[in-house]
1. Only counting other Cβ atoms within 10 Å, I'd like B:PHE162, B:PHE88 sorted with the fewest neighbours first.
2. Under a point-charge model restricted to the Cβ atoms of Lys and Arg (+1) and Asp and Glu (-1), what is the dipole moment magnitude of the range A:129-221 relative to its Cα centre, in debye to the nearest 20?
3. Kindly rank A:88-101, B:94-107 from highest to lowest mean number of other beta carbons found within 10 Å of each residue.
4. Give the residue from A:GLY154, A:ASN138, A:VAL127 lying farthest towards the positive end of the charge dipole for chain A; charges sit on Cβ (+1 for Lys and Arg, -1 for Asp and Glu) and the dipole is referred to the Cα centre.
5. When you look at the Cβ of every residue in A:40-51, what mean number of other chain Cβ atoms sits within 10 Å?
6. State, as an integer percentage, the relative contact order of the range A:1-116 based on alpha-carbon contacts under 8 Å between residues 6 or more apart.
7. Modelled label-to-label distance, B:THR34 and A:LYS21, 7 Å Cα→beta-carbon offset: nm?
8. Based on the mean of other beta carbon atoms within 10 Å per residue, what is the order of B:26-38, B:145-157, most packed first?
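The numbers here are math on the coordinates, done by the rules we state, and not lab data. Remember, predicted model here, so these are calculated numbers, not experimental data. Note: ideal-geometry Cβ built from the backbone for every residue, glycine included; neighbour counts use all protein chains shown.
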Amino acid sequence: MIHPPNLSPGYRSTLLRAPSKPAVAFKADPDAIELTSPVFGHGEVGALDADLTRQHAGEPIGERIIVTGRILDDSGHPIRNTLVEVWQANAAGRYAHEGDRHPAPLDPNFTGAGRCLTDGEGRYRFVTIKPGAYPWRNHPNAWRPAHIHFSVFGTAFTQRLVTQMYFPGDPLFPFDPIMQSVPDPVVRERLVAAFDLDVTEPEWALGYRFDVVLGRTPMED
Amino acid sequence: MLTPSQTVGPFFGHALPYEGGPDLVPDGYPGAITVTGRVLDGAGEPVPDAMLELWTGEAGTRGVLRRGGEGACGFGRCATAPDGTYRFRTAPPAGPYLALLVFARGLLCAVATRIYLQDGPDPLLDSLEPERRATLIAQRDGGVYRFDVRLQGEGETVFLEF
């Protein structure tokens, strides 16, 4: 099993929101519109959209990092020109979202949202700051490990994926019911980025590598 | 080596929605329809922090993040309001249905369904019990189609597994 089960009682919000009936298997008849996907153009994504440290007048506080990787299909082929969106908390663990009540400072120089299109090799690259861990009210003394949310499209609506990228060696992993909702520990590790000295830029920023592999389109079965 | 899914969480509102996202066609577009409804949880309570994506199947459509002008596009995105409602304005699809994805806190994987604009012979609909079939068919009132998403429990919407 790759994906988390809908009902993961350790993550309380699933209790009333997880569908209780099994999903109906999708049949890929040639007319099924889920086999196609919106195509986003370069004119829609600004050059600064992929640099989350340059979206305001000043630089955000925090540890500057580079996050890069490839969007691939399950055969290892790159998915080109596909939209990748990211969002995250700031270095103090606070989202620039009105609903976030964590008493940590907002950073006027950090919104924490970015997007880009993959290049001809399926590659994306973001410059950002490392997000902080933050508390949530799922259970007593609950803390989310630092993470960056990823939203990826692919070439078919059936491939659409939203996930989260974590940082290697975080001591909060065993206590996080969202990460632990992925039942297979080997699969779970795919959510953890790798520190990469080749991505790291001297005197500038640490580098992390994180590839995202999307499901096959049913037509290929 | 597939990457597993994780929840969209509660704090996407400053990042994913964009100007004009729910309007796939401009105001006054000939033949435009409105698709609206509520997202409800297993207790029948509205889900105020869901995000819906609508896809009409216009493959190759460009210009969907930046709206404006007279053209139509095939993709829309709408966050639910505090009362769990959503609303899209779109051109009618070429086929009988619109594809819908729902993301929310508490959904570790997005759920996928279809909004059929009318009942009729269809491979998916015909494979379902009548009570479940009805969950996929929008209720029409003029140019407005009403379609609620019930995530769990009585009247639970049929979801698709890709």
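1. Values: B:PHE162 18, B:PHE88 26.
Exposure proxy ranking, most exposed first: B:PHE162, B:PHE88.
2. Numbers: 8 positive and 11 negative charges, 92 e Å.
Approximately 440 debye in magnitude.
3. Numbers: A:88-101: 19.8, B:94-107: 22.0.
Per-residue Cβ counts within 10 Å, averaged per peptide and sorted highest first, yield B:94-107, A:88-101.
4. Going by the charge dipole, the pick is A:ASN138.
5. Details: counts 7, 6, 1, 4, 6, 2, 0, 0, 0, 1, 0, 0.
Rounded to a whole number, the mean comes out at 2.
6. Details: 111 pairs, mean separation 29.3, N = 116.
Value for the range A:1-116: 25 percent.
7. My value for the distance between the label points is 2.9 nm.
8. Values: B:26-38: 15.2, B:145-157: 18.8.
Ranking the peptides B:26-38, B:145-157 by packing returns B:145-157, B:26-38.
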